[in-house]
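Before any comments, here is the structure.
The values are calculated or read from the model by the stated rules, or taken from the named source; none is laboratory data. Model, not experiment: these values are computed from the prediction. Cβ coordinates were reconstructed from backbone atoms using ideal geometry, including for glycine residues, and neighbour counts include every protein chain displayed.
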Amino acid sequence: MVKRSWMKKFYVCVLCGLLLITNFSIAENKEAKKSYYWLNFGPGIGPGPVDLQFIIGGSASYQFQQNIISARITHQEAYMSTPSKITERAILYGRSMKSKYWLSSFAAGLSYLSGEKSYQEKISTIGFPVEGQLFLTPLPFVGIGLYGLANFNLKCSFTGLLLCLQIGKLR
């Protein structure tokens, strides 16, 4: 139980760090008038409602000026002591900054979660998702970076960190 508490604190710190980076980057944005769009997807881990979760996720994002709209889908599975499978679908709005070689953003919104929390415990609930993105974009159409996510709800809140590949119009 101590490990799980430490891991949740770690992921909350990562999300807060991404938020701070986003706030500083928005203040320095020189390309605020341009629009960008991208898809990102990748694997990750996070402390879930029961055990350590393996997460696979992806999102589609559109940035206009300093605003971002994202749609994401994630699927988490735990295999350790109690198997669980949870799928999340979310729509988010937030602030974003894109410079020539990197992108950062922070967004929040609404989500729908469904799946199994343990052997026979089915869940279906509405949640409050948040995301933070920090990507290096060395090419006009490809980037790589970190995608921090969390979902707060009454039945199975979770956090996670994905290592993602980003593809789209990045310059």
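Here are a few things to note about the model shown:
- Filtered by the rule that a residue be over 17 Å from residue 112 (Cα atoms) and touching a Leu at 6+ places or on another chain (Cβ under 8 Å), the range 70-84 gives 78, 80.
- Among (1) over 11 Å from the mean Cα position of the chain (by Cα); (2) within 16 Å of residue 137 (Cβ to Cβ); (3) at pLDDT 90 or above; (4) polar (S, T, N, Q), the one test that residue 67 misses: (2)
- Scanning the range 97-137 for residues that are in contact (Cβ under 8 Å) with a residue 12 or more places away in the chain and not in a strand (DSSP E or B), we see that the one that is surrounded by the fewest Cβ atoms within 10 Å (Cβ to Cβ) is 119.
- Checked against (1) surrounded by fewer than 16 Cβ atoms within 10 Å (Cβ to Cβ); (2) within 18 Å of residue 148 (Cβ to Cβ); (3) at pLDDT below 90; (4) not aromatic (Phe, Trp, Tyr), residue 3 meets all criteria but (2).
- Residue match in the range 64-77 (condition: among the small types (Gly, Ala, Ser) and closer than 16 Å to residue 157 by Cα): no
- Within the range 82-103, being modelled with pLDDT under 95 and over 18 Å from residue 55 (Cβ atoms) holds for 96, 97, 98, 99, 100, 101, 102, 103.
- Residues of the range 55-96 that are buried (at least 19 other Cβ atoms within 10 Å of the Cβ), among the charged types (D, E, K, R) and more than 15 Å from residue 130 (Cβ to Cβ): none at all.
- Positions within the range 138-171 being of a type in the set (Phe, Trp, Tyr) and either surrounded by fewer than 22 Cβ atoms within 10 Å (Cβ to Cβ) or assigned to a loop (DSSP other than H, G, I, E, B) (or both), in sequence order: 141, 152
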